[in-house]
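Worksheet: the structure to be examined is printed underneath.
Read-outs: derived from the displayed coordinates by stated rules, not from any lab. Fair warning: this is a prediction, and the values are worked out from it, not measured in the lab. Cβ atoms come from the backbone with ideal geometry, glycine included; neighbour counts cover every protein chain shown.
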């Protein structure tokens with residue numbers, strides 16, 4: 001059985017970045033973590049209104065879910081370092097928000113900000 005933090009982080013990765021590289025999926029995971037003070041707050045960050053796509057996953061035996069779960073575990077255990085250098089926001093290349101945040105990096109199809 002998955003812990004709440006692991007389940008919520010996996011859900012965010014899967015829904016926001018399942019087609020991305022390991023680094024791209026880890027980057028999305030770190031945005032969630034960078035918004036929290038501890039792992040107990042991960043679900044609050046994922047389910048905050050308008051922040052992350054947290055829709056239920058129907059096929060939790062899919063390869064993409066398994067990959068998202070593995071990346072979640074590695075990020076939570078700090079086996080993968082934060083490729084975003086502390087980013088708290090990101091968006092897909094297909095949108096252009098009017099943010100005043102500082103751009104940190106582009107990884108795959110996402111741009112990350114502090």
- By how many nm would the segment from residue 101 to residue 23 lengthen if fully extended, with 0.36 nm per residue of separation less the alpha-carbon distance? 25.9 nm
- What FRET efficiency, computed as 1/(1 + (r/R0)^6) with R0 = 22 Å and r the Cβ-Cβ distance, is obtained for residue 81 and residue 40, rounded to the nearest 0.05? 0.50
- Note on the structure: Longest principal axis of the chain (C-alpha) makes with the long axis of helix 63-76 (C-alpha) an angle, in degrees to the nearest 10, of 70 degrees
- Using Cα pairs closer than 8 Å and at least 6 residues apart in sequence, work out the relative contact order for region 4-80, in percent. 45 percent
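For the residues 105, 8, what sequence is obtained by ranking on other C-beta atoms within 10 Å, fewest first? Show your work: numbers first, answer last.
Working: 105 14, 8 23.
With the fewest neighbours first, 105, 8 line up as 105, 8.
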- Between helix 4-17 and the chain: long-axis angle, C-alpha atoms, 0 to 90°, nearest 10: 50 degrees
